[in-house]
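S.K.: Encoded as structure tokens, here's the structure I'll be asking about.
Laboratory data are not the source of any read-out in this text; all were calculated from the coordinates shown. As the structure is a prediction and not an experimental result, all values here were calculated from the model. Note: ideal-geometry Cβ built from the backbone for every residue, glycine included; neighbour counts use all protein chains shown.
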Amino acid sequence: MHMSGLSDKLKGTVNKVKGEAKDQIGNATDDMKLQAEGKLDKLKGEAQQEFGEFKERLDSKDK
């Protein structure tokens, strides 16, 4: 397993969890800005996870 791929996947997971929390808190408090930040964090996290998986696939093909 490629460490930078794993690192990207872990960062992505953290961003998704952080984004979900912001989204839920924003929803509960009617803070549309916080909700939007949460949605962006979730998207960023999903992209980071996909990029990490891509890097791992590339690394496994090099072996």
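S.K.: With a 10 Å cut-off between alpha carbons and a GNM built on the chain, which of 33, 11, 42 moves the most?
M.R.: Between 33, 11, 42, it is 33 that shows the largest mean-square fluctuation.
S.K.: Among 13, 25, 35, flag the residue with its Cα farthest along the positive direction of the charge dipole of the chain, charges on Cβ as +1 for Lys/Arg and -1 for Asp/Glu.
M.R.: Projecting each Cα onto the dipole axis, the largest value belongs to 13.
S.K.: What Kirkwood Rh does the chain have if only Cα atoms enter the pairwise 1/r average? Answer in Å.
M.R.: After inverting the pairwise mean of 1/r, the radius is 12.1 Å.
S.K.: Give me the percent relative contact order of the chain, please, defined on Cα pairs under 8 angstrom at least 6 residues apart.
M.R.: Computed over the chain, the figure is 48 percent.
S.K.: Under 17 Å between alpha carbons, and skipping anything fewer than 8 positions from residue 18 in its own chain: which lysines qualify?
M.R.: The reachable lysines, counting only those whose Cα sits under 17 Å from residue 18, are 9, 33, 39, 42, 44.
S.K.: Let me ask something else about it. What FRET efficiency do you get for residue 31 and residue 53 if R0 is 30 Å and r is their Cβ-Cβ distance, rounded to the nearest 0.05?
M.R.: Given R0 = 30 Å and the Cβ-Cβ separation, E is 0.40.
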